[in-house]
Amino acid sequence: MTCPTSPSYLQEGDIMKAKPKHFIPRPEGSGNVGQHPVIVLTCPDAQGYVLVAPMSHNHPEGTPTTSASRYGLPVDPIKGESQVNIGHPKVIHQDNLRANKPHASMSYQDYLSLKSDICE
């Protein structure tokens, strides 16, 4: 799952943080939205762009989602179950991704399960 041409911190299945305003194309109303967790789905292309699956407790209406726990991801004891966007992946440049501290990543089996559920 290691991406051979990416920075050493970026691997498929990693859970990173990103601001939705950095998605391409930029979603409407994303200007003041803070960082949200995203799951890295692909290694960066030649220009450094990756596909990610955003996670949130409040996705825009009509977004196809499923429970994060389905993929072995923890449930926040305060906010509750997060939802993973399984619609079309979002495009973002690797420079706009921030690592979680401590590092967080899905198991390979859970990553493959998510990839098969994504509506590409």
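The values are calculated or read from the model by the stated rules, or taken from the named source; none is laboratory data. For clarity, every value in this text was computed on a predicted model and none was experimentally measured. All Cβ positions, glycine included, derive from the backbone under ideal geometry; neighbour counts span all protein chains shown.
Among the residues of the stretch 56-111, the one identified as in contact with a Pro (Cβ under 7 Å, 6 or more places away or on another chain) and among the charged types (D, E, K, R) is K90. Would you confirm whether or not the stretch 73-81 contains a residue that is modelled with pLDDT of 90 or more, crowded, with 20+ Cβ neighbours inside 10 Å and not β-branched (V, I, T)? Among the residues of the stretch 73-81, at least one is modelled with pLDDT of 90 or more, crowded, with 20+ Cβ neighbours inside 10 Å and not β-branched (V, I, T), which makes the answer yes.
Looking at the stretch 43-52, can you tell me whether even one residue there is at pLDDT 95 or above and within 20 Å of Q109 (Cβ to Cβ)? Yes. The residue that is nearest to K17 (Cα to Cα), among those in the stretch 52-76 that are in a strand (DSSP E or B) and without any contact (Cβ under 8 Å) to a residue 24 or more places away in the chain, is D76. With respect to Y49, is the statement that it is aromatic (F, W, Y), more than 11 Å from G13 (Cα to Cα), surrounded by 13 or more Cβ atoms within 10 Å (Cβ to Cβ) and touching a strand residue (DSSP E or B) at 6+ places or on another chain (Cβ under 7 Å) true? Yes. Among residues of the stretch 78-120 being of a type in the set (S, T, Y) and in a helix (DSSP H, G or I), the one that is nearest to the chain's Cα centre (by Cα) is Y111.
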